[in-house]
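Rule-based calculations on the coordinates, nothing more; no lab input. What you see is a predicted model; the values in this text were computed from it and never measured. With ideal geometry, Cβ positions are generated from the backbone for all residues, glycine too; neighbour counts draw on all protein chains shown.
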Amino acid sequence: MISVIITTYNYGKYIERAIRSCMDQSLDNSEYEIIVVNDCSTDFTEKILENYSSDVKVFNLTKNIGLSAARNFGIKQSKGQFILFLDADDYLHSEILNVEKLFLEENNSLDAVSVDYYQVDERGSHKRHFNAEINPIACGIMFRKDLLYDVGLYDEKFRAREEQELRVRFEKKYKIHNLSIPLYRYWIHDDNLTKNNAKMDHYQEKLIKKHGK
């Protein structure tokens, strides 16, 4: 069983595309679950999610807890042996769950599997192919859930660069094996958290203080 965890905050205009990409997987839907953690959005996200209540496990939080804590919350609600994170403004290729699951099940020595990704625009046009080993992102990686617990999940003090901080701890003990096929779709736009330079710089300093990198 795979648990796909989508965290969202005021991304109502994007969330449906993300959910549909999960529902359109080639893998049989009995083999995975979709969990959406709505981090106390103030837009129309909750109203959109009502339409998917029969297909998706929806958790509407009553207090904004931040991305790290929302992802941890999703992990704790999950039933899957494997975990994959999807940002609400991104989406998945229809084969990603099938391919990554196959690699993890047939290779017991693998701890996690990532894939390359396309940067896309609002309409889904492919702009650029990124190698996830050279330019890693938080999402599209299938982790063994027990290993995420083993490294302590996300550090909830990090409100940015949380994926880098987790990755540093994870890769001290385990390896993320990258497959050079672009099965994740990453949309870079003005609302991305990574565009907040002051916040990114602040948490870069915290990252260096904690891990020296």
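Things to note:
- Taken over the stretch 80-123, residues that are surrounded by 12 or more Cβ atoms within 10 Å (Cβ to Cβ) and out of contact with any Pro (no Cβ under 8 Å at 6 or more places or on another chain) amount to 30.
Every residue, every condition in (1) in contact with an Asp or Glu (Cβ under 8 Å, 6 or more places away or on another chain); (2) over 18 Å from M142 (Cβ atoms); (3) exposed (fewer than 14 other Cβ atoms within 10 Å of the Cβ), yes or no:
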residue	(1), (2), (3)
C22	no, no, no
E33	no, no, no
T42	no, yes, yes
E46	no, yes, no
K57	yes, yes, no
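- Residue in the stretch 156-176 that is farthest from S68 (Cα to Cα), counting only those that are under 15 Å from the mean Cα position of the chain (by Cα) and acidic (D, E): E165
Yes/no per residue for (1) part of a loop (DSSP other than H, G, I, E, B); (2) free of Cβ contacts under 8 Å to residues at least 40 places away in the same chain:
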residue: A69; (1), (2): no, no
residue: G74; (1), (2): no, no
residue: L86; (1), (2): no, no
residue: V99; (1), (2): no, no
residue: E105; (1), (2): no, yes
residue: G124; (1), (2): yes, no
residue: R128; (1), (2): no, yes
residue: C139; (1), (2): yes, no
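- Enumeration of residues in the stretch 23-50 that are without any contact (Cβ under 8 Å) to a residue 60 or more places away in the chain, in contact with a helix residue (DSSP H, G or I) (Cβ under 7 Å, 6 or more places away or on another chain) and in a loop (DSSP other than H, G, I, E, B): D39, S41, D43, F44
- Pair list, Cβ < 6 Å and 6+ apart or interchain, from the stretch 143-155 residues that are of a type in the set (A, V, I, L, M, F, W, C) to residues that are not in a helix (DSSP H, G or I): F143/I83; F143/A112; L147/D111; L147/Y174
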